[in-house]
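A quick write-up on the structure given underneath.
Here, each number is a calculation from the coordinates, and none is a lab measurement. Bear in mind that the values here come from a model prediction, so they are computed numbers and not experimental data. Cβ placement follows ideal geometry from the backbone for every residue including glycine, while neighbour counts extend to all protein chains displayed.
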Amino acid sequence: MTTLNNASLPSGRQQVSLRKRWWRQQTWSAYLYMLPFLILFTLFYVYPIFQGLYISLTSWDLITPQKYIGFQNYTNLLSDKQFWTTLRNTAYFTALNVPLAILVPLGLALLVNAPIRGQGIFRTVFSVPMMISVSAIAIIWRWFYDPTSGITNYYLELIGIQGRNWLTDINTAMPAIVIADIWWRSGWNMTLFMAGLQEIPEELYDAAKIDGAGGWNLFRYITLPGLQPTTLFIAVTTVIGSFRVFAIILQLTGGGPFESTRSVVQNLYETAFQFFKMGKASAIAWILFAIVLVFTILQFRLSPNPTE
Amino acid sequence: MNQITATPLPSHARRPRRKSWAYVRRYIALIIVSLIWLAPVAWLFLTSLKPENQITVAPPRWFPHPLSTMTLQNYEELLFRLAGGYNVPRAFFNSMLVSILGTFLVIVIDVLAGYALARMRFPGRGLIFAVIVSSMILPAEVLLIPNYITVWKLGWLDDLKALIAVPAAAGFGVFLMRQFFMGIPTDLEDAAQIDGASRLDILWYIVLPLSRGIIATLAVLTFLLYWNDFVWPYIVVNQASQMTVPVVLYAISGSLFNRYGALMSAAALAALPAIILFMFAQRLIIRSITLTGIKG
């Protein structure tokens, strides 16, 4: 291939100038190819980062002129009771959600990832919920949890568990949301786990079996270490996703009862689009980003290096 | 990437020689878990087909009873009357329009940009790629307020343009396309270039035919993102006539809060296109996850 290339090009000085011209052309056409994307990306992704940072340093209601107030929005938030409540609620959601959002999909992946008939059908079954929009999910689950006409209480009472109004009880509202969320989104992490499982070389299992390793040991010493990079990725993205929780809570409980499920992003949304405190809301967004970033870095630091 | 395609997929490669007890046990477990997993979706679709007087009965019944009472009256009511003051067919039209145009836009701009990043050399290429990759970890909430203000200044509030253009700015598709193009051997393209083909010819006649699978994947994922997007349309659109399906669903779930028949048929209609699309494209999506190595 290289010889062919050289043969077809003119040699010496001529080649240098031709090359230069080709390079210039190439540069210009490359920018033309990039342009449509770059316009949108700059307008709606890069510029908003700087604009958002600036807005967070101002006091602005979209009507009266924007006023620069330095870091006041941030310092105010530190003593804002409502902000801490939503942060605590979000942390609680994350603490409940992350372990389940890793373990349940892992279980599903291990169950499905075997040489069995109808594997594709089972995989589809577990993936269907994640294709449904949050609004439809909320409609289903609000009814499930409904104390008078919902089916959850009916079946629980059949096995002797006292029914209640799951979404308006301060003790059960958040766990009930987490259950709906796990059901909704497990398909994605399961798919990632399955991709991870298929990358573990079969020979490792064969070798271990010859050495007499049984089911649990195979899982403990081959499957788990083999899934380590996948698990790290899933843990990071799930933590990020959990801190950003909003729509499903908004639609299941609206943040209640007594603000016990109100999340950081709901607070952000209401601050910006109901009370029109754009500066304060932007500061909330940046604090959220900072928290997410710290957790991401921590997870990468704390997880053992995958040995190549 | 190449190693992955080279390793055989264990699940398909090896069939069990004898159906052992472990096999049966796993099968039973799978069936039970699947039934639990399917229950909410089944409930959604089955309820949407029940006549009004069977919808909230105790004890709950899963199927219309007798089966011949199965009816489409919930759908009729939803589609041909204004459900809770909202125009549901209009919302479907809006959602389809936004999802189709948005997907088309994303494919065009992401293929062009991904190709330039993979195959052409130009000053700033490394920087642009680095910015695109790092943009993918940015939580969308950081962009919400400034983008709302930009859209407001452009006069695009309550305008479907805002619902199409803003989500199209995400860098994921460019990343996906670039990763794929990097993996195609350049021999064919080099040969075509020597024969005097232009860049655009090469892209159109050589690269795109090789990329049908990945483009279909990106199209399906993008369509689903647009179709199910809730937060951004919820913020930008207030006028009922411009609402998309998820926003209208949320609105009518308040105004029709105990009319479960109508609500279930609305949710079923919203879910159906996405589920059908996914069933067709599932294999593609799974393959592209392995391809990009996005799980680490």
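Is there a simple number for the mean count of other chain Cβ atoms within 10 Å of the Cβ of residues in B:37-43, and what is it? Numbers along the way, then the final one.
On the way: counts 10, 4, 5, 13, 8, 0, 4.
Rounded to a whole number, the mean comes out at 6.
Using 17 Å as the cut-off for backbone N distance, which residues of the stretch A:272-287 belong to the label zone defined by a point 7 Å from the Cα of residue A:85 along Cα→Cβ?
Residues A:272, A:274-275 fall inside that zone.
Take the alpha carbon gyration tensor of the stretch B:184-296, find the square roots of its eigenvalues, order them as a ≥ b ≥ c, and report rounded if a/c is under 1.5; if not, report prolate when a/b exceeds b/c, else oblate.
Prolate shape, in that a/c is at least 1.5 and a/b is the bigger ratio.
What ranking do A:252-260, B:142-150 get when scored by the average of other Cβ atoms within 10 Å per residue, highest first?
Descending mean neighbour count gives B:142-150, A:252-260.
Kyte-Doolittle cut-off 0.0, length cut-off 27 Å along the helix's own axis using Cα: show which whole DSSP H helices in chain A pass.
Helix filter hits for chain A: A:81-112, A:173-197, A:278-302.
Mean residue ellipticity at 222 nm from the helices of chain A, using -39,500 (n - 2.57) per DSSP H segment of n ≥ 4 over the full residue count, to the nearest 500 deg cm²/dmol?
About -22000 deg cm²/dmol.
Shape of the stretch A:73-302 from its Cα gyration tensor (a ≥ b ≥ c, root eigenvalues): rounded if a/c is under 1.5, otherwise prolate when a/b > b/c, or oblate?
oblate
Which aspartates and glutamates does residue A:277 reach when only Cα atoms under 12 Å apart count, and residues fewer than 8 places away in its own chain are ignored?
Answer for residue A:277, where 12 Å is the Cα cut-off: A:61, listed by chain and number.
Expressed as a whole number of Å, what is the distance separating the alpha-carbon centroids of the stretch A:228-299 and the stretch A:130-206?
So the two Cα centres are separated by 20 Å.
Give me B:20, B:265 sorted ascending by neighbouring Cβ count inside 10 Å, so fewest comes first.
B:20, B:265
With a cut-off of 8 Å between alpha carbons and a minimum separation of six or more residues, what is the relative contact order of chain A in percent?
In percent, rounded to a whole number, it is 26.
Summing -39500 (n - 2.57) over the DSSP H runs of n ≥ 4 in chain B and dividing by its residue number, what mean residue ellipticity at 222 nm do you reach, to the nearest 500 deg cm²/dmol?
Details: 14 runs with 194 residues, N = 296.
Computed mean residue ellipticity for chain B: -21000 deg cm²/dmol.
Along Cα→Cβ, 7 Å out, is where each label goes; now give me the distance between the ones at residue A:61 and residue A:165 in nm to one decimal.
That separation, rounded to one decimal, is 3.5 nm.
Give me a single rounded figure for B:199-210: the average over its residues of other chain Cβ atoms within 10 Å of their Cβ.
For this peptide, the per-residue mean of nearby foreign Cβ atoms is 1.
In terms of modelled amide H atoms, which long-range or inter-chain residues lie less than 5 Å from the amide H of residue A:58?
It is A:69, by chain and number.
Using alpha carbon centroids, what distance separates the stretch B:161-194 and the stretch B:40-104, in Å?
Spelled out, the Cα-based centre of one part sits 39 Å from the other.
What does the structure give for B:105-114 when I average, per residue, the other chain Cβ atoms found within 10 Å of the residue Cβ?
Taking all residues of B:105-114 together, the mean is 4.
Could you list, bin by bin from short to long, the percent of Cα-Cα pairs of the protein assembly as shown in 20 Å steps?
Going from the shortest bin to the longest, the percentages are 17, 49, 29, 5, 0.
Please report, in whole Å, how far the alpha carbons of chain B spread along each principal axis, starting with the longest.
73, 68, 34
Highest first, please rank the peptides A:114-121, B:162-169 by the mean number of other Cβ atoms sitting within 10 Å of their residues.
Final packing ranking: B:162-169, A:114-121.
How many nm separate the modelled label positions at residue A:205 and residue B:81, each set 7 Å beyond the Cα in the direction of the Cβ?
The two pseudo-label positions are separated by 5.6 nm.
Give me B:201, B:159, A:146 ranked fewest to most by other Cβ atoms within 10 Å of their Cβ, as a rough exposure proxy.
Taking fewest neighbouring Cβ atoms as first place, the list is B:201, B:159, A:146.
How large is the dipole of the stretch A:73-302 about the Cα centre if only Lys and Arg carry +1 and Asp and Glu carry -1, each at its Cβ, rounded to the nearest 20 debye?
Around 460 debye, computed over the stretch A:73-302.
Can you tell me the FRET efficiency between residue A:71 and residue B:127 if r is taken as the Cβ-Cβ distance and R0 is 30 Å, rounded to the nearest 0.05?
Computed FRET efficiency for residue A:71 and residue B:127: 0.50.
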